[in-house]
Amino acid sequence: MKKLIYYIAVLGLFASAGCKKFLNQEPISDVGPESFWKSPDDAKTGVAAIYDGIQKTLNGNYTDWGDARSDNFTYGGTGENQINVTLNGLNSLTGAANWSNLYFTIGRANLAIKYIPNIPLTATFTELVRNNYLAQAYAIRAYMYFYAIRLWGGVPVRLEPYENLNEDPRAPRSSADSILNNIIIPDMVKAYSLVDKTSSTVWEMNAGAILALQTDVYMWKKDYNKALDASQNFINLAFKYDVSATNSTDWKKIFIDPASTKEAVWSLHWDTRDGGNGISKIGSGGNTSNYYIDSSVFLRFESNKSDIRRSVTYDTALVSAGTRIIQIGKFYPVNSSNKVVYPINAQNDAKLTLYRSADVLLMRAEALNKTSANKTPVFTIVNRIRTLRGITPLLPADYPTDLDVETAVLNERQLELFAEGKRWFDLVRTDRVLSTMDPMIRYRQRLLNISETGFNDPRKILWPISRQALTRNILIRQNEPYSE
């Protein structure tokens with residue numbers, strides 16, 4: 001244990017060096033890569049540190065980045081931050097505009113990519129094992145840059161660790177398309193070539209997770225044929241992954257026991273007693289949720305009381321009591337009375353869902369709609385999921401246009417993946433942010449009796465760059481129309 005703590009402490013110093021000017025860490029001294037990255041244990045600890053970086057990145061951002069700006073949630077109370085986020089009143093001081101921890105994670109991945117290939121092979125640390133560690137580093141670096149371009153557009157790029165304090169770490173922003181084509185996609189391809197395809201460990205960026213990421217990236221790029229290829233490769237892993245839950249107990253396992261179900265692909269186990277995990281913003285002890293479920297999606301859940309997802313997603317007893325829904329319980333365990341056990345204040349134990357089978361299949365349905373006049377395969381996927389979840393299949397005749405079919409797929413994604421950090425990116429990817437959010441924000445502004453500005457500026461789909469990042473890197477400029 002002492003050795004493990006030592007390795008983690010040393011790696012933390014290395015990682016700080018990897019993104020020093022982004023994170024404003026103190027310079028390292030008397031510690032260098034020559035003291036680490038020597039043994040299989042170092043590789044294991046180094047990759048674990050990358051996952052620790054994902055936790056730091058998503059801490060508080062899982063909901064803010066993926067759901068809070070969408071029609072899934074509205075503000076819960078009078079807190080300035082949640083009101084600003086749900087009303088699209090972002091600025092350079094908004095907490096989730098800070099990308100420091102994202103680059104912290106990229107820095108750790110860069111270290112692993114550089115040094116793991118130099119660790120000697122042993123009888124147990126085989127080439128397959130070493131390559132699998134490298135695959136996770138490449139895939140997570142791609143995952144972090146994918147978050148970055150979706151949130152801020154063009155961002156600075158670093159693919160090597162920052163280890164020389166005499167080197168200027170500042171870099172201008174590279175375009176989102178350049179990062180997508182020259183970093184994210186090559187990293188994904190490299191990762192899949194290296195990953196151990198026999199492993200389906202849900203806590204790792206495994207082969208299924210890499211294919212899920214590929215599907216997601218190609219959908220964002222609007223390269224639907226490649227999205228179909230990636231999702232078909234995912235389907236070919238059917239012995240590992242599939243959709244199957246037909247009751248609320250089995251569906252709940254996706255979130256509280258993901259290793260026990262083929263529905264889960266990649267989850268992040270967050271067990272902490274000294275800080276939030278982002279999920280606590282939408283479900284915690286007492287009336288402390290930052291965000292409430294928006295009435296529009298709530299009414300859709302309530303219109304299908306046979307939907308097995310309804311009673312897992314939120315506490316339906318509150319509905320009967322006439323209480324506004326503030327507790328999203330899907331990520332937390334239940335007690336012997338089948339009541340959700342919410343975390344107390346900052347004490348959290350949750351499994352963040354990053355990718356799962358239904359997510360990939362519904363992206364595939366969306367891609368099929370874009371590439372073929374035959375909509376039967378689209379509704380085959382959507383209706384299979386709906387039937388499993390206990391609700392009536394859709395009739396294709398009710399969706400005569402491609403746009404109507406896309407709406408049907410997105411509606412199903414909203415219910416199936418509610419509060420899993422997907423909805424905002426779905427709206428952006430399908431160019432529906434303004435049409436969906438402008439009337440909702442105007443309504444919320446009327447309720448607050450403030451100026452009714454709505455959401456009519458497409459430039460504000462991107463997040464502002466934090467003032468901290470602008471101060472530290474004079475080579476970058478703020479996203480318009482935000483001020484510095």
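The values are calculated or read from the model by the stated rules, or taken from the named source; none is laboratory data. The model shown is predicted, which means the values in this text are computed figures rather than measured ones. Here the Cβ positions follow ideal geometry from the backbone for every residue, glycine too, while neighbour counts run over all protein chains shown.
Within segment 36-56, residues that are assigned to a helix (DSSP H, G or I) reach partners that are of a type in the set (S, T, Y) with beta carbons closer than 6 Å, at six or more positions or on different chains, in the pairs A43/Y133; T45/Y7; V47/Y133; G53/T105; I54/T105.
In segment 27-36, the qualifying residues are those that are farther than 16 Å from Y162 by Cβ and at pLDDT 65 or above, and the one that is surrounded by the fewest Cβ atoms within 10 Å (Cβ to Cβ) is E34.
Is there a residue in segment 408-427 that is free of Cβ contacts under 8 Å to residues at least 24 places away in the same chain and over 30 Å from T249 (Cβ atoms)? There is no residue in segment 408-427 that is free of Cβ contacts under 8 Å to residues at least 24 places away in the same chain and over 30 Å from T249 (Cβ atoms). Restricting attention to segment 68-100, the residues that are buried (at least 18 other Cβ atoms within 10 Å of the Cβ), over 26 Å from A137 (Cβ atoms) and among the small types (G, A, S) add up to 5.
Here L211 fulfils each of the conditions (1) farther than 17 Å from L354 by Cα; (2) part of a helix (DSSP H, G or I) apart from (1).
Check whether at least one residue in segment 44-67 is farther than 30 Å from Y292 by Cβ, at pLDDT below 80, polar (S, T, N, Q) and surrounded by 19 or more Cβ atoms within 10 Å (Cβ to Cβ), and report yes or no. So far as segment 44-67 goes, no, none of its residues is farther than 30 Å from Y292 by Cβ, at pLDDT below 80, polar (S, T, N, Q) and surrounded by 19 or more Cβ atoms within 10 Å (Cβ to Cβ).
Summed over segment 370-380, the residues that are assigned to a helix (DSSP H, G or I) and surrounded by fewer than 24 Cβ atoms within 10 Å (Cβ to Cβ) give a count of 6. In segment 393-446, which residue that is part of a helix (DSSP H, G or I) and among the small types (G, A, S) is surrounded by the fewest Cβ atoms within 10 Å (Cβ to Cβ)? Among them, the one singled out is A397.
Checked against (1) modelled with pLDDT under 95; (2) touching a helix residue (DSSP H, G or I) at 6+ places or on another chain (Cβ under 8 Å); (3) closer than 30 Å to P186 by Cα, F239 passes all but a single condition, namely (2). Within segment 186-216, the set of residues being buried (at least 19 other Cβ atoms within 10 Å of the Cβ) and among the hydrophobic types (A, V, I, L, M, F, W, C) comprises M188, A191, L194, V195, V202, M205, A207, A209, I210, L211, A212, L213. Go through segment 65-80 residue by residue and tally those that are out of contact with any strand residue (DSSP E or B) (no Cβ under 9 Å at 6 or more places or on another chain) and in contact (Cβ under 8 Å) with a residue 40 or more places away in the chain. Total meeting the criteria: 6.
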